[in-house]
Amino acid sequence: MKPHLQILHLEDDPTDAELVEATLAREGVACNVRVVATRGEFVAALEQGGIDLVLADFSLPDFDGMRGLAIVRERYPDLPFVFVSGRLGEEAAIESLRNGATDYVLKNRLSRLAPAVERAMAEARERAELKKAEEGLRESELRRYQMQVELACAADVQARLLPRSYPQIPGFEVAARCLPAKQVGGDFYDWQEVGPSLWSLTLGDVMGKGMAAAMLMATVRASLRAVAHNRPAEALRLAGKALLPDLENSESFVTLFHAELNAAEHQLAFVDCGHGLVFVRRANGAVKGLAPRGLPLGVPGQKRYREGSVDIAAGDTLVLYSDGLIDARPELALNNHLLARQLRGASSAREMLERLIELPGIEGALPDDMTVLVVHCTA
């Protein structure tokens, strides 16, 4: 289990403070939040120690976030500091980053908050390891900060492309999370209601990571969404045809699992485009792999996409994941059976998701994007 983060929140609006804490709890960030509204309370809380992360509003009546940032950087230079503000223009954002802020999140886009906290803590761990190399980077400081603003904007856009809430599917629970290795990445998951009791479910992994992979991810997601009302095999044929020129030009490919869940009939129809990282854990603990499996999108030679199907009964769980989950700790030799064992006794899709995400026990930055999607049949 991950330890609870100790978060100090500089905020004078109780409603906003409660909304931030509720957002973190909903996104599975284990933390204790202490809210302060004045300079005296802020300094006293810092001096008491044990703070892992500071969240701060940009403007307060008697004290502001920039002065709070100055205090933190002077006394605690390695403490992550994230602005959570209602309004923060580009110039103010650049100025805040130049002065040492780790990131910023707008209050009307709190879907970015949990990813920003995760990134801030990962960067703090990485910064501790690379602190000796910081001197050589100071000459490019302004350029780096400008890039951070651009990447933060890109990360915001990418985070908003992921579903903002879990679908309400009678008889099923769905939970998912995507953790990019960099600020942006090439993994994605998606779901969409395409008809009465019909839902499309997708998990994809673009080759590579970072900005290039993120751009292709957005293109793949949009193409699939446009054709998701078709059966999976036909949807992949249409999407593959549209995507092939872009994938060939970029010399990239995409592994993908795309399915249609018929909730009324408890049946899943699917196409596996070279992904393979999927299984069904039956209610009795048995593990079922899914076949057939075809070539990834972007690989020449795929003439047609073969469609498979599997029944999903009460107590069964569908698990989809990207290779980042097993690549994070290759010495653990994780496979479908070992992953399925981690789900024993879990009572909800969200609990199953947390167990799988925490399984590698990552310390520091992820070596690759890591994404997990869990669909649990409750009735």
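No lab work stands behind these numbers, since they all come straight from the coordinates. These figures come from a predicted structure and were not determined experimentally. Backbone-built Cβ (ideal geometry, glycine too); neighbour counts: all protein chains shown.
Highest mobility in the GNM of the chain, judged by mean-square fluctuation with C-alpha springs under 10 Å and restricted to P61, P163, P360, is found for P61. Using a ≥ b ≥ c from the Cα gyration tensor of region 5-159 (square roots of the eigenvalues), is it rounded, prolate or oblate, where a/c under 1.5 gives rounded and otherwise the larger of a/b and b/c decides, a/b for prolate? It is rounded, given that a/c, with a ≥ b ≥ c, falls under 1.5. Each Cα pair of region 162-377 feeds into the Kirkwood radius, which the Stokes-Einstein equation turns, at 25 °C and 0.890 mPa s, into a diffusion coefficient of 142 µm²/s. The label-point distance for S347 and A314, in a model that sets each label 7 Å from Cα toward Cβ, rounds to 1.7 nm. Annotation: aspartates and glutamates with alpha-carbon distance below 16 angstrom to K288 (same-chain offsets under eight excluded): D272, D311, D316. Nearest 5 is fine: what % of DSSP beta bridges in the chain come out antiparallel, could you say? Among the beta bridges of the chain, antiparallel pairing accounts for roughly 70 percent. Shown is the FRET efficiency for N335 and E118, computed with R0 = 30 Å from the Cβ-Cβ distance and rounded to the nearest 0.05: 0.70. When V287, V33, V206 are sorted by how many other C-beta atoms sit within 10 angstrom of their C-beta, beginning with the fewest, the order is V287, V33, V206. When Cα Rg over 2.2 N^0.38 Å is computed from the coordinates, the matching label among [x] 1.28; [y] 1.05; [z] 1.42 is [y]. Spatial offset of region 30-55 relative to region 239-287 amounts to 45 Å, using the alpha carbon center of each. Hydrophobic long helices, here whole DSSP H runs in the chain with Kyte-Doolittle means of at least -1.0 and Cα atoms spread over 27 Å or more along the helix axis, are found at 141-161.
Remark: relative contact order (the chain) = 14 percent; criterion is Cα-Cα distance under 8 angstrom and separation of 6 or more residues.
Spin-label pair E74-R109: with each label point 7 Å from Cα along the Cα-Cβ axis, the two points sit 3.2 nm from one another. Under the simplified labelling scheme, the L130-I94 pair shows an inter-label distance of 2.3 nm, with each label point 7 Å from Cα along Cα→Cβ. Given the C-alpha centroids of region 330-350 and region 75-113, what is the distance between them in whole angstrom? Cα centroid to Cα centroid, the span is 36 Å.
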